[in-house]
Amino acid sequence: METVADALARYHRENGFRGDAMVAETVQVRLFGLPPVELPSPRFQRHLLAKHDLHHVLTGYGTDLRGEAEMGAYELGAGSLHWFVWLNNLGALWLGLLCPWRTLRAFVRGSRARSLYLDEAPYEELLATPLDELRRRLRVAPS
């Protein structure tokens, strides 16, 4: 049975990410196929980015422009109370102009699910959870 930690490690490997956003002091940003740029990751943002990565793992949305537009729409649909998440996802919605129907479907999918941003479970507990169990708990429908 695959845990969330296993799936997250696979996600990092497949996308060329160094490691866990929860502890990383920088974040890799890729735009338009250019090599990644390292930007500082302030402490307040780390747990938000870590949960964002877990949402990618749970939903299967990619890290390309289309995938980030879908992820932004999904996260807005699923909900968050943090200003940084709203700002980040509103920016991602602009990318949704590239694929409006996919972005709309992602928003609807998110509106039927629960967000990790609103979940009080400790990060370490989330990582130890079986992937399918967390998907069921958050009502993440198959894509």
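What the table shows:
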| quantity | calculated |
| --- | --- |
| Residue satisfying all of: in segment 1-25; more than 21 Å from residue 64 (Cβ to Cβ) and either among the polar types (S, T, N, Q) or in contact with a strand residue (DSSP E or B) (Cβ under 6 Å, 6 or more places away or on another chain) (or both); surrounded by the fewest Cβ atoms within 10 Å (Cβ to Cβ) among these | 1 |
| Single residue of segment 108-123 satisfying the filter (in a loop (DSSP other than H, G, I, E, B) and touching a residue at least 12 places away in the same chain (Cβ under 8 Å)) that is surrounded by the fewest Cβ atoms within 10 Å (Cβ to Cβ) | 112 |
| In segment 56-66, residue surrounded by the most Cβ atoms within 10 Å (Cβ to Cβ) [restricted to those that are modelled with pLDDT under 95 and part of a loop (DSSP other than H, G, I, E, B)] | 63 |
| Selection status of residue 108, within 24 Å of residue 12 (Cα to Cα) and among the hydrophobic types (A, V, I, L, M, F, W, C) | no |
| Selected residue [out of contact with any Ser or Thr (no Cβ under 9 Å at 6 or more places or on another chain) and either without any contact (Cβ under 8 Å) to a residue 24 or more places away in the chain or of a type in the set (A, V, I, L, M) (or both)] from 49, 90, 95 | 90 |
| Condition check for residue 97: at pLDDT below 85, part of a helix (DSSP H, G or I) and surrounded by fewer than 20 Cβ atoms within 10 Å (Cβ to Cβ) | yes |
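Residue-by-condition table, conditions (1) under 21 Å from residue 124 (Cβ atoms); (2) aromatic (Phe, Trp, Tyr); (3) in a loop (DSSP other than H, G, I, E, B):
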site	(1), (2), (3)
13	yes, no, no
18	yes, no, yes
22	yes, no, yes
27	yes, no, no
32	no, yes, yes
35	no, no, yes
44	yes, yes, no
47	yes, no, no
54	yes, no, no
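The values are calculated or read from the model by the stated rules, or taken from the named source; none is laboratory data. All figures in this text were calculated on a predicted structure; none of them were measured in a lab. A quick note on method: Cβ atoms are made from the backbone with ideal geometry, for glycine too, and the neighbour counts reach across all protein chains shown.
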